[in-house]
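The values are calculated or read from the model by the stated rules, or taken from the named source; none is laboratory data. Nothing here was measured: the structure is a model prediction, and the numbers come from that model. Heads up, the Cβs are rebuilt from the backbone with ideal geometry, glycines too, and the neighbour counts pull from every protein chain shown. Just so you know, the surface numbers come from the protein's heavy atoms only, side chains and all, with ligands and any DNA or RNA stripped out. Shrake-Rupley method; radii C 1.70, N 1.55, O 1.52, S 1.80 Å.
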Amino acid sequence: MKDKVLPRRATLVLLVAAFQATLAGAAEIPHLVRQGTATQLIVAGEPFVMLAGELHNSSASSMAYMEPMWEKLVALKLNTVLATVTWELVEPAEGQFDFSLVDGLLQGAREHDLKLVLLWFGSWKNGVSSYIPTWVKKDLERFPRAQGKSGNNKLVLSPMHEASWKADARAFAALMRHLRRVDSDERTVIMVQVENEVGLMPESRDHSAAAEAAFRSPVPRELMEYLKENKNALLPEVDELWASTGYRESGTWTQVFGDTVWTDEVFMAWHMARYIGRIAEAGKAEYPLPMYANAWLVQNDREKPGDYPSGGPVSRVMDIWRAAAPAIDFLAPDIYLHDFKAVCASYVRSGNPLMIPEARQGPEAARNVFWAIAEHDAMCFAPFGIEDIDEDHPLIDSYELLYQLMPLIVRHQGTGRMAGVLQERPEEEGTTIRVGDYNANVRYNRQAKGQTDMSYGLILNVGPDEYLVAGNWFQVNFSPATPGPRHAGILQVWEGVYEDGRWVPGRCLNGDETAAHWVVKLPPNTHDLFAGSNRPRILQVTLYRHD
Ligand code: DGJ
């Protein structure tokens, strides 16, 4: 009798604990964790990758305008929408807050089973202050503007003034407090962007009296301490500036970093990031969602700070942002440049996780999303102006396929067993990638005619001698990368799909489709009319070794 009762009780205790854990998981605030080399966003207790899109700037300023859009966002297979919340509309009169648009967004998103990332358009948006409330816009005394060398007022708030950051922080804190009140159960909002593409243009720094005085003063102690503590881990750009003065440990900005325009950028980065970090800190004190800052990127090697917004979170000043704004969890690139791989690579340096809040919405989006997620464990991929894309856009197929693979993707993040495939130009031939115990020898589509048939996808090592190859327009064979028999043979290749996490095999590809077991091909037949040669697919590949 005793023997029977105890296990039952134990089972009951376990069930109650599991139920409580489930409840706790569901209500747990979205947060970031590390898995191997990756940073994962945890939502409702599970890693969550945002297959997303960002709305046009003004869409979320009218819920009537949004009304017909929600169904479209669902049809585009998004799981997350990035939408703006503006200081101007949240605090139309000083101290009077209006969250009706936020509530409308929450309602629309919930009804359509979507998550939200809110973009706080406060003091700055694309290097200007167009979203500050009218009462801030008109009060140039209390909220001073940045100055050019000739002394003219800009349309831009100066980052040097406490009155400005405190006013912005107060409104942002009110927003986060509101979210805590209305969203702590459902957790529809899973992340927040603080400001948008900040920095000063066209001059490389603010020349207002306050900024001039700060520029002639010693570099703040907090920054010097950070540089000294992280001296061996600094990114090369900041390291190079500091090295140019023999790593001086005190002095004015030019004494520590040299007398060049790049020092102006470091100075602006410190002050912009300080300002924004304080806003993020005030928001997190109310409701600590993950927060990031996004960057208008340097467009080419010839550009100097001020050609692009000086002081914004471009990758060359990531160290300065990290030192100045610890409440900002990471920095994110808005990628409109064609060199997608290079931008991603510059943003994953020194442990910064990849989150892409804005990307080009052309057909390349369908390819780039694979690279971001498979190669760099990205938390989010979001083409900009998402409501404009057609419902036959190839991105939808990419998202659908990535959802199928998602349980495997999140399990393999940070393990080194997942790689992206991306051909950026038709003339590129291919590449060899070490994935698990084999090298994957990838041949790109040299016949590519343009945007719709260049190679893209991923290779995932799911078990010993077992791979998934997904995407389209490339071929791959494998060779051993570890000691043992010299050759790798294909044991089997199956086409298939994942339904609710379960592999459902389709064709077995033994003949022409694998060139008689020599190479894995996507698409398996050149025309593949029935399977749709233009659509990405998943192949399951098992290998064996022989001499
Ligand atoms: C980048 C900005 O961050 C967005 O808000 C929007 O203005 C796009 N550019 C337009 O391309």
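Observations on the structure shown:
- The range 48-63, subset more than 16 Å from the ligand (Cβ to nearest atom) and within 24 Å of Ile373 (Cα to Cα), residue farthest from the chain's Cα centre (by Cα): Phe48
- Qualifying residue in the range 298-308 (condition: away from the ligand (no atom under 16 Å from the Cβ) and hydrophobic (A, V, I, L, M, F, W, C)): no
- Subset of the range 133-190 (residues that are farther than 30 Å from Asp113 by Cα, of a type in the set (S, T, N, Q) and surrounded by fewer than 17 Cβ atoms within 10 Å (Cβ to Cβ)): Thr134, Ser150, Asn152, Asn153
- Residues (free of Cβ contacts under 8 Å to residues at least 60 places away in the same chain and either away from the ligand (no atom under 12 Å from the Cβ) or of a type outside the set (Ser, Thr, Tyr) (or both)) located in the range 326-341: Pro326, Ala327, Leu331, Pro333, Ile335, Leu337
- All of Val102, Val136 fail the test of being more than 16 Å from the ligand (Cβ to nearest atom), more than 23 Å from the chain's Cα centre (by Cα) and not charged (D, E, K, R), apart from Val136.
- All positions within the range 524-540 that are crowded, with 19+ Cβ neighbours inside 10 Å and more than 30 Å from the chain's Cα centre (by Cα): Pro524
- Exactly one residue out of Leu78, Leu119 is under 23 Å from the mean Cα position of the chain (by Cα), surrounded by 23 or more Cβ atoms within 10 Å (Cβ to Cβ) and in a loop (DSSP other than H, G, I, E, B): that is Leu78.
- Scope the range 112-133; condition more than 16 Å from the ligand (Cβ to nearest atom) and closer than 24 Å to Gly311 by Cα; matching residues: Pro133
- Yes/no for Ala109 being closer than 19 Å to Ala382 by Cβ, open to solvent by less than 10 Å² (accessible area, probe 1.4 Å) and either at pLDDT below 95 or within 16 Å of the ligand (Cβ to nearest atom) (or both): no
- Residue within the range 244-260 that is closer than 26 Å to Thr84 by Cβ, surrounded by fewer than 23 Cβ atoms within 10 Å (Cβ to Cβ) and polar (S, T, N, Q) present: no
- Subset of the range 298-310 (residues that are within 21 Å of Pro357 (Cβ to Cβ) and open to solvent by less than 10 Å² (accessible area, probe 1.4 Å)): Tyr308, Pro309, Ser310
Residues checked against (1) among the hydrophobic types (A, V, I, L, M, F, W, C); (2) in contact with a Phe, Trp or Tyr (Cβ under 9 Å, 6 or more places away or on another chain); (3) closer than 29 Å to Ala210 by Cα:
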residue: His56; (1), (2), (3): no, yes, no
residue: Ser59; (1), (2), (3): no, yes, no
residue: Asp98; (1), (2), (3): no, no, no
residue: Trp124; (1), (2), (3): yes, yes, yes
residue: Val156; (1), (2), (3): yes, yes, yes
residue: Lys166; (1), (2), (3): no, no, yes
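- Among residues of the range 196-211 being surrounded by 22 or more Cβ atoms within 10 Å (Cβ to Cβ), within 16 Å of the ligand (Cβ to nearest atom) and under 17 Å from Pro144 (Cα atoms), the one that is nearest to the chain's Cα centre (by Cα) is Val198.
- Residue ID - surrounded by the most Cβ atoms within 10 Å (Cβ to Cβ), chosen from residues in the range 311-346 that are under 17 Å from Arg360 (Cβ atoms) and acidic (Asp, Glu): Asp334
- Any hit, the range 376-390, residues being away from the ligand (no atom under 16 Å from the Cβ), of a type outside the set (Val, Ile, Thr) and either in contact with a Lys or Arg (Cβ under 6 Å, 6 or more places away or on another chain) or closer than 20 Å to Tyr467 by Cβ (or both): yes
- Residue within the range 406-416 that is small (Gly, Ala, Ser) and open to solvent by 30 Å² or more (accessible area, probe 1.4 Å) present: yes
- Extreme residue, surrounded by the most Cβ atoms within 10 Å (Cβ to Cβ), among residues of the range 417-432 that are assigned to a loop (DSSP other than H, G, I, E, B), out of contact with any helix residue (DSSP H, G or I) (no Cβ under 7 Å at 6 or more places or on another chain) and touching a residue at least 40 places away in the same chain (Cβ under 8 Å): Gln423
- Test: residue in the range 263-281 that is open to solvent by 40 Å² or more (accessible area, probe 1.4 Å), touching a residue at least 12 places away in the same chain (Cβ under 8 Å) and within 16 Å of the ligand (Cβ to nearest atom): no
One line per residue, one yes/no per condition, for (1) among the basic types (Lys, Arg); (2) surrounded by 19 or more Cβ atoms within 10 Å (Cβ to Cβ):
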| site | (1), (2) |
| --- | --- |
| Gly450 | no, no |
| Gly457 | no, yes |
| Asn461 | no, yes |
| Gln475 | no, yes |
| Thr482 | no, no |
| Arg502 | yes, no |
| Asn510 | no, no |
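- Only strands (runs of 3 or more DSSP E) whose full extent lies in the range 142-230 are considered here, and the ones with at least 2 residues that are under 19 Å from Ala83 (Cα atoms) are 189-196.
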